[in-house]
Amino acid sequence: MSASHTLLEVRDLAKHFTVTKGFPRPVTTTVRAVDGVGFVVARGEAFGLVGESGCGKSTAARAVLGLIPPDAGHVRFAEIDVTGARGSMLQQLRRRMQIVFQDPYSSLNPRRTIGQALTEPLGVHGLARGRAARERAIALLEEVGLPPSAYDRHPHEFSGGQRQRVGIARALSVEPELIVADEPVSALDVSVQAQVLLLLKDLQTRRGLAFVFVSHDLGVVRWFCSRVAVMYLGRIVETGSVSSVFGAPRHPYTRMLRDASPIPDPAIRGQLPRIVGEIPSAANPPAGCHFHPRCPRASDLCRTAFPEWRADGDGAVACHHPED
Amino acid sequence: MTDVALSEPRSSWRVMAGRLLSDPVTLAGVILCAIVLAGALLAPWLAPRDPLEQNIIDRLAGPGSEYLLGTDQFGRDVLSRLLWGARISLLVSFLSIASAVVVGGAIGMVSGYIGGRFDLVTMQVMDVLLSFPSLILGMIMVALLGSSVTNLIIAISLTAIAPFARIARAPVLVIKERAFIEAGRALGFSHLRILLVHVLPNIVTDLLVMGTLWMATAVRTEASLSFIGLGVKPPTPTWGGMMRDGFENILDSAWLCIWPGLAILVLVLGLNLVGDGLCDVTDPKANAQ
Amino acid sequence: MIAFIIRRLLASIPTLLAVLTLVFLLVRVVPGDPAIAILGDRATPETLAALRAELGLDRWIGAQYFDFLGHAILGDLGTSMVTHRPVWTEIAEALPHTIVLTLAAMAIGCLIGIPAGVWAALNRNGPVDVLTRLLSLLGLSFPVFVSGIFLLIVFALQLHLFPVIGNPRPGDWIDGLHKLVLPAVTLGVVMAAYVVRVTRSSMLQVLGEDYIRTARAKGVPRRAIIWRHGLSNALIPVVTVVGLYVGILIGNSVLTEIVFNRPGLGKVIVSALTKRDYTMLQGMMVIYCFLIVVVNLITDISYGFIDPRVKQ
Ligand SMILES: Nc1ncnc2c1ncn2[C@@H]1O[C@H](COP(=O)(O)OP(=O)(O)OP(=O)(O)O)[C@@H](O)[C@H]1O
Ligand code: SF4
Ligand SMILES: [Mg+2]
């Protein structure tokens, strides 16, 4: 992938949280929420980030946007260092990448009208004011499939799906090149999910947007993304094109995820997953390969040594005994 | 707290005002406050005499047709002094609580928003302030600063800053975790904008309700300081000062204590009733009960 | 339990230090030169300088601070600038009177407030409840010097049931008790008003909890539910409020002591204020803060006794 083609480059990203709990004897634990994550997203590409709950997807997404400072690694957006950006440089970056949140209820300020939510960013970035801002906001509403009358209403007058459309319109208001969508449909009714996904897909092609699409739903990622990275306990364990990763998973965890996810076509659905043990916590990951307590292929090597990356074809996998 | 802080917008002020005034107890409070406010505003027209004018011949005259509520030891008209005294009470209590709301609210809001160690230290300091008896703090501040209306306002507001910092902080801790705050940051909004546009409107109601209740406390504190002799300097009429003068003549002219005492009571009770009613109306939990 | 008490004791040390620092700053940072405040504008530069030296005001502020802190920790609060007696002696003479008054007021407050609060909760929205709400708001609205003077007018001047002057004859405890009634009621009524409100709301909350409903469904008698299950749990927040209220009580005791002309910290602090006795004031503040820290400690510990979860 050539440099000019690359929009976002994440390398060795790490974010650890220390949590102190308990009185009289407080115990401090370090949660390695993100522990050395790297990936590249091309312009206009939809890149998926999948993994179980708590594996660090949201943390990675927030660090990519510079909303939390990472402990290590770096993020480059269009050749600009996101982690070191300050002032006007940061302000410019904020305009070029945006986020869509999972929860359409908490992502809109209940006291502000939809119009205020959409015009505020326009004002802050000096894109439009007054009447021009209003016109742009109404155009945005139309683009996401909401009537102009939504402009003067408050969020509580809308359904979850409609609110999510407002959230998307707000992200679009500053005309970003990249949208980080953190589980944008998983809080919505199944019937609404498809509509919102179609909207996002439509925007991607029409506006040439790049996406980092965070999800735990393989079906959705499979449909939406062209490339994907699978995360487990703060690390990426397998990456590659959607067809190769999900078509022929090489990492046992990827296989488990795929087999567990309801894929409409029964032909490609394998046997039920072997759930062995609980999901280990990122606060106390097991030694060696983090996945070994649940892995059907685990060997003694897996219990002691951490598997290195192995590139193969357009993808890569971190496993001592990958499937073929 | 979560629900209070993020209750849907404008639970319609009109609906709230309607509910407020439909409660007879709250309505009574509104009326009591209105009476005092009217007395203070209209003092120049309502007062039968100059509150400072001394008629030595008529000193300590009992209530009657000449002097409706009697005269004090200098022969000054008690009714006129009461009306003018209402101005000091309202002015000092309102301005001191208004500044405590602004300063305390800002401290609590910023402290909760920043969080971490800064928050810990700030709140520790506030707790220390909070644990100090506010009347004594007020007494000491006035004694050290000297008693003028401005210093009185500063002293009383100082005693109320800590509670408002606490009141403002609690909902901020909840609000700042909501995604719309992070959305604002992602959109490049400054912290100041996030605080003023997105956090403040969500806590303003709490602050106003507590402000009303605390104004009642401020009226009491101002009167108490004047009673001790640390309030606005004589001969300016203040209710606490009138009680102080009356107390010196309590054996033969008890009414000199009764009128200003009742005046203080009317204002404080009125404010408490309104504040209590506001609490009920704005707290969804209480409404549900 | 002992470990818990020790832990709380240790935890109150930083608070106490912070309070001492605040007291020190309050007295110094406030604009105005104490020496001028004491001697007046017309004092000569020589006498001013002499007074500053006597007060230690001419030294570096840090040295003053550590000096103050060190002495305060050792219990040495200095000498009064007016009476030239040790501050501690003056305070020790007055303190017992204030403590007796405060304890009596707390007792009255709880004896009236808790049963009334329970009664109101059991008759929610009924006439008793509304009446209690009104009365408690009325109680909260009285500045204590007003209620004190009103009580004085009614019970001492009109009915002659109690003496006007509250200074008890030393050694005569019946006389002491007699003269304590009005001041203690004055203070206790405000306290009762607070206690009623907290008891009511906490009782209402407890009565709505599942285990009470279960007990009721099981046929446990109503009386047992209220007293054994309800009240013991409802009292937890009440204890906190009583503890918090002690600060207000101490402040209000100043006014009560003035109105009833009783000896106590109130009279000491007012005379220190009017005479600008800075060392005395500083000492008083230290004592007040110390009292409050101690009360908070007691509150926490009694909390531990009532609420079994805290002990573990
Ligand atoms: N601010 C924080 N402080 C402490 N721990 C945190 C914080 N934020 C996240 N974590 C922890 O980091 C880990 C990863 O969290 P993250 O939200 O990134 O996971 P996720 O993959 O997005 O999960 P989900 O699918 O539930 O959204 C979790 O164990 C979480 O508890
Ligand atoms: S490294 Fe070993 S334990 Fe880890 S996934 Fe591969 S086979 Fe399983
Ligand atoms: Mg997440």
Can you send over the carbon and sulfur percentage of the accessible area for segment B:77-283, probe radius 1.4 Å, protein chains only? 69
Just going by the charge dipole of segment B:77-283, with Lys and Arg at +1 and Asp and Glu at -1 on Cβ, which of B:P171, B:L256, B:T217 is farthest out on the positive end? B:P171
By the scheme Lys and Arg +1, Asp and Glu -1, what is the net charge of all other residues having a beta-carbon under 12 Å from that of B:V25? -3
I'd like the accessible area for C:I174, computed on protein heavy atoms only with a 1.4 Å probe and all protein chains in place. Round to 10 Å², please. 110
As I understand it, the value is the acute angle between the Cα axis of helix A:87-96 and the longest principal axis of the Cα atoms of chain A; what does it come to in degrees, rounded to 10? 90
How many angstrom lie between the C-alpha centres of segment C:67-96 and segment C:113-130? 46
As an exercise, use a Förster radius of 22 Å and the Cβ-Cβ distance of A:E52 and A:T304 to find the FRET efficiency, rounded to the nearest 0.05. 0.35
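Find me the longest stretch of chain A that has none of the exposed GluC sites (Glu not before Pro), where exposed means in a DSSP loop (not H, G, I, E or B) with at most 12 other Cβ atoms within 10 Å.
Result for the longest clean stretch: A:80-277.
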Nearest 10 degrees is fine. How inclined is helix B:78-114 to the longest principal axis of chain B, computing both from alpha carbons? 20
Among segment B:154-175, those whose backbone N falls under 17 Å of a label point 7 Å along Cα→Cβ from A:H156 are B:175
So, in nm, how far is label C:D76 from label C:I298 when the simple model puts each one 7 Å beyond its Cα toward the Cβ? 3.0
Distance (nanometres) between label positions extended 7 Å along Cα→Cβ at B:L46 and A:Q91: 5.3
The helix B:200-228 Cα axis meets the longest alpha-carbon principal axis of chain B at an angle in degrees, between 0 and 90 and rounded to 10, of 30
Taking chain B as a Gaussian network, Cα atoms linked when under 10 Å apart, which of B:A17, B:A168, B:A38 shows the biggest mean-square fluctuation? B:A17
Label model pair C:N261, C:R59: point-to-point distance (7 angstrom along the Cα→beta-carbon line) in nm is 4.2
Over 28 Å between Cα atoms: which of B:K233/C:K267; A:K201/B:K176; C:K179/C:K267 fall into that group? A:K201/B:K176
Springs between alpha-carbon atoms under 10 Å, Gaussian network over chain A: tell me which of A:I168, A:I236, A:I138 tops the mean-square fluctuations. A:I138
Full extension from C:A3 to C:L161: what is 0.36 nm times the residue separation minus their Cα-Cα distance, to one decimal in nm? 51.9 nm
Considering the options A:L257, A:P155, A:V41, tell which one lies farthest towards the positive end of the dipole of chain A, charges being +1 on Lys and Arg and -1 on Asp and Glu at the Cβ, about the Cα centre. A:P155
Per 0.36 nm of contour for each residue apart, how much would the distance between B:S22 and B:E66 grow if the chain were fully extended, relative to their Cα-Cα spacing? 11.8 nm
Stretched fully, the stretch from B:R117 through B:L192 gains (0.36 nm per residue minus C-alpha distance, one decimal, in nm) 25.0 nm
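The values are calculated or read from the model by the stated rules, or taken from the named source; none is laboratory data. Keep in mind the model is a prediction, meaning the values are calculated, not measured. Because the Cβ atoms are built from the backbone with ideal geometry, glycine has one as well, and the counts that use them run over all protein chains shown. Ligands, DNA and RNA are excluded from the accessible area calculation, which covers all protein heavy atoms including side chains. Shrake-Rupley method; radii C 1.70, N 1.55, O 1.52, S 1.80 Å.
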